[in-house]
Amino acid sequence: MLAKVSSCAIIGLEGTIVEVEADISAGLPSFTIVGLPDTAIQEARERVRAAIRNSGFTFPVKRIVANLAPADFKKAGPAYDLSIALAILISSEQLKAADVSNTVFLGELSLDGSLRHTAGILPMSALAFQKGYRNIIVPACDAAEASLVEGANILPFTTLAELAEYLQGNRPAPEVTKSKEKLKNDIPANYVDLSFIKGQENVKRALEVAAAGGHNMVMTGPPGSGKTMLARALVSILPPMTSAESLEITKIYSVAGLLPPDTPLIHNRPIRSPHYTISSAGLVGGGTFPKPGEISLSHRGVLFLDELPEFGHSLLELLRQPLEDKTVTISRAQGSVSFPANFMLVGAMNPCPCGFYGDNTKHCTCPPGSVIRYQRRISGPFLDRIDIVIDVPRIEYEKLSSEHLAETSETVRQRVASCRIIQLERFRGSKILSNAEMTPAEIRRFCTLEGDAQNLLRSATKQLFLSARAYHRILKLARTIADLENNDIIKSHHVAEAIQYRPRWQV
């Protein structure tokens with residue numbers, strides 16, 4: 001008897017329906033899975049065999065063939081365990097289930113027949129709902145995540161035996177679990193408050209501008225000047241996420257298998273800080289079955305690269321296309337997948353190998369050629385994609401020992417949030433959420449300059465030999481600075497502040 005059960009596969013961040021077919025026939029006992037399965041699916045034979053036995057059923061001692069259709073793309077992961085087991089039970093007529101054509105079954109099986117946490121439940125449930133499936137069967141531990149899909153009928157189960165009883169009509173439908181998770185706008189725990197960072201008022205201002213418009217930023221200064229602490233303080237002033245952003249980030253972490261079972265919805269913007277020994281696949285994503293890399297895990301958040309020049313020229317050049325296009329495409333023999341990569345890049349670096357080039361207190365011991373070679377690790381095209389480059393000077397003793405507390409992160413965060421609200425209203429109806437994402441069309445429409453500001457920008461473009469990209473980035477930055485003052489027109493002092501954030505050192 002042939003049995004068919006529906007499941008789902010993940011390709012990139014999107015899903016596709018997979019039809020699991022099982023056929024049992026006479027012959028030498030065997031259990032074969034076809035349809036381009038990976039190793040995890042091949043190992044499902046033993047998991048399914050033990051789960052069926054330990055759930056009170058008999059595993060057929062016949063020739064069993066399970067097919068995952070369509071067979072033209074590689075299948076990966078243990079999410080097909082449940083559908084394979086049900087197809088075998090229906091095919092062997094041990095499970096006389098009602099019509100299951102409108103149901104999708106998702107879940108990994110333990111040897112005792114219990115359903116375990118499965119990565120990618122949220123995007124798979126969303127796809128099944130979009131395709132019109134009436135019921136979506138998921139492990140009970142993943143029910144809160146799956147129920148984030150509005151309108152979907154999520155049915156959570158703990159074991160294969162419970163599900164079999166329900167399908168035979170001997171058990172009532174489980175209560176549909178609705179996620180009680182609501183988006184929280186609180187500042188995350190374990191953050192560094194700006195008020196406890198002594199001095200560096202100009203850098204704090206740059207952080208505020210970067211957070212308000214989603215701009216990329218690089219801090220350069222001697223060791224111990226506070227660059228890393230300032231970057232860690234950025235999380236405390238980032239604007240609250242919208243519901244759409246939160247769901248988007250949750251989907252990425254669900255596919256990557258990094259979403260904790262007790263945290264079905266991500267509330268805070270991600271902050272990723274990879275070490276400079278990271279591989280290119282770890283940074284941009286990859287693998288035999290492509291998974292999101294650090295730049296996609298930083299989507300709608302911050303990618304902090306400490307000791308920026310140590311990442312190496314090739315790694316930094318890999319970031320050029322995602323910084324421009326806000327997405328990354330990974331190509332493999334099986335095909336190409338795209339992951340979103342709309343992140344704020346925040347870098348910290350020393351001005352030279354010893355770290356004290358240009359310092360007024362400690363003399364630099366590096367030969368001039370060494371300084372130039374070190375700074376040239378950051379290429380001109382990469383630096384051209386950075387909106388804010390700012391010096392972080394050594395902090396004087398008087399400021400370090402002062403008892404005076406500066407402006408708190410909560411105060412700055414309120415200004416940043418108000419600025420982001422202006423931008424959300426400005427770009428309502430489009431996919432753009434911040435000034436840093438503007439294209440030339442939006443720049444032309446929304447970046448209106450007064451006469452003095454135009455003259456200043458014209459002079460700066462000629463004297464500083466600015467590229468077209470740098471010109472547009474100055475306009476985006478000036479638009480954010482004007483938004484912080486709630487001005488519709490960009491004035492000369494807005495442009496002047498944006499210009500001063502351009503890099504002053506040669507690359």
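Summary of values
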| quantity | calculated |
| --- | --- |
| Contact order relative to length of the range 69-181, as percent, for alpha carbon pairs under 8 angstrom and 6 or more apart | 23 percent |
| Relative contact order [Cα under 8 Å, 6+ residues apart], the chain, whole percent | 13 percent |
| Likely footprinting exposure, D384, D325, fewest C-beta neighbours within 10 Å first | D325, D384 |
| Packing-based exposure ordering (other Cβ within 10 Å, fewest first) of R300, R49 | R49, R300 |
| Euclidean distance between Cα centres, the range 256-275 to the range 290-339, Å | 17 Å |
| Under-5 Å amide H pairs with K291, H placed in peptide plane, nonlocal only | G286 |
| In Hz, Karplus ³J(HN,Hα) per residue of the range 281-289 (6.51, -1.76, 1.60; θ = phi - 60°; x = Gly, Pro) | 5, x, 7, 9, x, x, x, 4, 10 |
| Shape category assigned to the range 356-507 from the gyration tensor of Cα positions, a/c cut at 1.5 | oblate |
| J(HN,Hα) series, the range 112-123, from Karplus relation 6.51 cos²θ - 1.76 cosθ + 1.60, nearest Hz, glycine and proline x | 8, x, 7, 8, 10, 4, 10, 6, x, 4, 4, x |
| Long-range HN-HN contacts of I271 with modeled amide H, under 5 Å | V302 |
| Entry for volume of the Cα convex hull per residue in Å³ (calculated from the structure that is shown) out of (1) 167; (2) 146; (3) 131 | (1) |
| In the range 237-334, the GluC sites (Glu not before Pro) that fall in loop regions by DSSP, at most 14 other Cβ within 10 Å | E307 |
| Other-chain or far-sequence residues with amide H under 5 Å of T327's (modelled H) | A341 |
| DSSP loop chymotrypsin sites (Phe, Trp or Tyr not before Pro) with at most 14 other Cβ within 10 Å excluded, longest remaining stretch of the chain | 1-275 |
| Cross-link partners of K399 among aspartates and glutamates (Cα-Cα below 19 Å; sequence separation of 8 or more within a chain) | D193, E201, D359, D391, E407 |
| Debye, to nearest 20: dipole size of the chain, +1 on Lys, Arg Cβ, -1 on Asp, Glu Cβ | 940 debye |
| Under Karplus coefficients 6.51, -1.76 and 1.60, residue-wise ³J(HN,Hα) of the range 427-435 in Hz, glycine/proline x | 9, 4, x, 10, 7, 7, 10, 8, 4 |
| Relative contact order for the range 194-437, counting Cα pairs under 8 Å that sit 6 or more residues apart, in percent | 32 percent |
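None of the figures in this text is laboratory data; all of them are computed from the coordinates on show. For clarity, every value in this text was computed on a predicted model and none was experimentally measured. Counting neighbours? That spans all protein chains shown, and the Cβs are built from the backbone with ideal geometry, glycine included.
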